[in-house]
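Let me begin by presenting the structure, written as structure tokens, before commenting on it.
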Amino acid sequence: MTLGLAERQGNLLDDLTRFCDETLAESSVYALLHRERDALFPDEFFADLFSDRGRRSVPPSVVATVMVLQRLDCLSDREATERYSFDARWRYATGVGGYDAGGWTGFAHTVLVDMRERLRRSDRRDRVFEVALQAASAAGLVGRQRVLDSTPLYDAVATMDTITLVRSALRNLLGLADAELEAQLRAVCTSGDDYASSAKPQIDWSDAAEREALIDSRATDAFACLAVLDGRQLAPAVDHAAQLVATVVGQDLTEGEDGIFRIARRVAADRVISTVDPEARHGHKTAARGFDGYKGHVGIDPDSEIITATTVTAGNASDASAAEDLIADLLKDTTTAGADRDDDRAKVYGDAAYGSGAFQKALEDNDIDSGCKTAPPSSPTGGLFSKDRFNVDLKAGTVSCPGNVTTPITRANAEGVARFATACGDCPLPPSAPPR
């Protein structure tokens, strides 16, 4: 598909354009886009997304303007294309004019899908957002304060149990291998499972011995296939599938002293929950509210409520891990570092999820005021004291516990360890005892 170009020579006799010129406020978003569309989203700005063969596309400047208005009005793709076809303000903003002006009367909602996919595959996938943000900044609408927050993005895929994960990963590997490699892989699979169906094997699931045999046989198949592939130069898709097999058997299974593979009595820290979407994770927005999928993170200017940055992480990532990406513009901007006036200083607000030590230090190092609550220390399980109850003296190389017992810090591999084992047995303090 080749690059389509919008008509830049306006029709002075177009009734729709003249009507909107006379009735819309100059400060409206429709008038702004009508005036500045060619400066903000020129068709040539999207030239790298198209080839020099095929039919012409809907002009990207028109599609980009529709995408901006779609987000402002929170519309679906179908609703946005209908609004473009029948709302005079949208046609005015996109510069196509009335229905007898020779402009694009309408286009299918799949054009928006196609444009997003072209942007996703490009080197500058956020270009429309970046241009809009630059325009807002140039208009003085974006200051040096940010509010950070996140929200769960629920994944539509079903969470898989261990046996379904292993079988699905093997089925994917066998399907991607060429005929010769597939034959070699099937030759080492001894369970009798052809891995053709996604349905669970027919066994007596109430029988623990049958469940154990099922898990062991499929795990044996998986490790046998990985042994065949070990050291080989594989196609990227096959290599990715093999890594997924290794991941799912490694995270959920353990080999006993008797050589039998069983489900491990633990939960892997970064556990894959589905082979359909291997990047989705179990997440928790709060201790009581769990979800499966991803986290969407956003940075907002609190005065104008303009979104200044967004990013997506796995569902199990902490909010603070994405915080620096959300304030990248503040970290790069040194124009008002050390400013005396409060309204000139950069400041970041967030809840305790953003109050990690690493992020608070990053703010301090860049002379950015922190409005983030410091994350409260969490007590370890098993009735132990939390770290803030200990007095760590790095200069003296010692640590004092809540019972006023001091022990030296021993170092190995650049990590320090303090041991209180000899004193813990006689300690009279319960875990809930106040500091002294």
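Test of understanding: what is the full-extension gain from LEU429 to SER197, defined as 0.36 nm times their sequence separation minus their Cα-Cα distance?
On the way: separation 232, 0.36 × 232 = 83.52 nm, distance 5.87 nm.
Length gained, LEU429 through SER197: 77.6 nm.
Ranked by the mean number of other Cβ atoms within 10 Å per residue, highest first, peptides 221-230, 88-97 order as 88-97, 221-230. Between LYS285 and PHE291, the built amide H atoms are under 5 Å apart, and every one of these is 5 or more places off in sequence or on another chain.
Reducing segment 1-77 and segment 131-183 to their Cα centroids gives an inter-centroid distance of 30 Å. Fewest-first ordering of ARG121, ARG281 by other beta carbons within 10 Å of each residue's beta carbon gives ARG121, ARG281.
With the simple spin-label model, which puts each label point 7 Å out from Cα in the Cβ direction, the ALA136 to ARG18 separation comes to 3.7 nm.
Computed from the Cβ-Cβ distance with R0 of 51 Å, the FRET efficiency linking ARG271 to VAL29 stands at 0.70. 3J(HN,Hα) along segment 46-58, derived from phi through the Karplus expression 6.51 cos²θ - 1.76 cosθ + 1.60 where θ = phi - 60°, amounts to 10, 4, 5, 8, 10, 9, 9, 10, x, 6, 6, 7, 4 Hz, with x in place of Gly and Pro.
Were the residues from ASP48 through ALA287 laid out at 0.36 nm apart, the gain over their Cα-Cα distance would be 81.5 nm. Specify which residue in the list VAL312, LEU331, GLY283 is farthest towards the positive end of the charge dipole of segment 281-372, using unit charges on the beta carbon of Lys, Arg (+1) and Asp, Glu (-1), about the Cα centre. The residue sitting most towards the positive pole is GLY283. In this label model, ARG120 and ARG419 are separated by 5.3 nm, measuring between points 7 Å along each Cα→Cβ vector. Note on segment 15-139: dipole from Cβ charges, positive end direction compared against PHE50, SER137, VAL96; the farthest Cα belongs to PHE50. Based on Cα contacts under 8 Å between residues 6+ apart, the chain shows a relative contact order of 12 percent. For segment 15-73, which GluC sites (Glu not before Pro) are in a loop by DSSP, counting at most 12 other Cβ atoms within 10 Å? Answer by residue number: GLU26. Kindly provide the helix-only [θ] at 222 nm of the chain, computed as the sum of -39,500 (n - 2.57) over DSSP H runs of four or more divided by all residues, to the nearest 500 deg cm²/dmol? Result for the chain, helices only: -11000 deg cm²/dmol.
Please report, largest first and rounded to whole Å, the three semi-axes of the ellipsoid equivalent to segment 15-139, where each semi-axis is the square root of five times an eigenvalue of the C-alpha gyration tensor. Mind dumping the intermediate values first?
Numbers: eigenvalues 102, 64, 37 Å².
Gyration-tensor ellipsoid for segment 15-139: 23, 18, 14 Å.
Between segment 267-337 and segment 104-125, the C-alpha centres lie 25 angstrom from each other. One decimal place: the segment ALA187-ALA358 gains 56.5 nm when fully extended, by the rule 0.36 nm per residue minus the C-alpha distance. What you get for the chain, charging only the Cβ of Lys and Arg (+1) and of Asp and Glu (-1), is a dipole of about 680 debye around the Cα centre.
Placing pseudo-labels 7 Å out from each Cα toward the beta carbon at PHE390 and ARG56 gives an inter-label distance of 7.1 nm. With the charge dipole of the chain set up from +1 on Lys and Arg Cβ and -1 on Asp and Glu Cβ about the Cα centre, the Cα lying farthest toward the positive end among the listed residues PRO376, MET160, LEU174 is that of PRO376. The dipole here belongs to segment 217-316: it is taken about the Cα centre, uses +1 on the Cβ of Lys and Arg and -1 on the Cβ of Asp and Glu, and is about 300 debye. When the Gaussian network model of the chain links Cα atoms closer than 10 Å, the mean-square fluctuations of THR254, THR286, THR422 top out at THR422.
For semi-axes √(5λ) of the Cα gyration tensor in Å, the choices are (i) 65, 20, 17; (ii) 35, 27, 20; (iii) 51, 38, 18; which was calculated from the structure? Structure-derived value, by its label: (iii). Taking a ≥ b ≥ c as the square roots of the eigenvalues of the Cα gyration tensor, segment 243-287 is classed as oblate, since a/c reaches at least 1.5 and a/b does not exceed b/c. With viscosity set to 1.002 mPa s at 20 °C, what whole-number translational diffusion coefficient in µm²/s follows for segment 111-254 from Stokes-Einstein and a Kirkwood radius over Cα pairs? D = 112 µm²/s.
Throughout, read-outs are computed from the coordinates displayed, never taken from laboratory work. In this text the structure is predicted, and so the values were computed from the model without any measurement. Backbone-built Cβ (ideal geometry, glycine too); neighbour counts: all protein chains shown.
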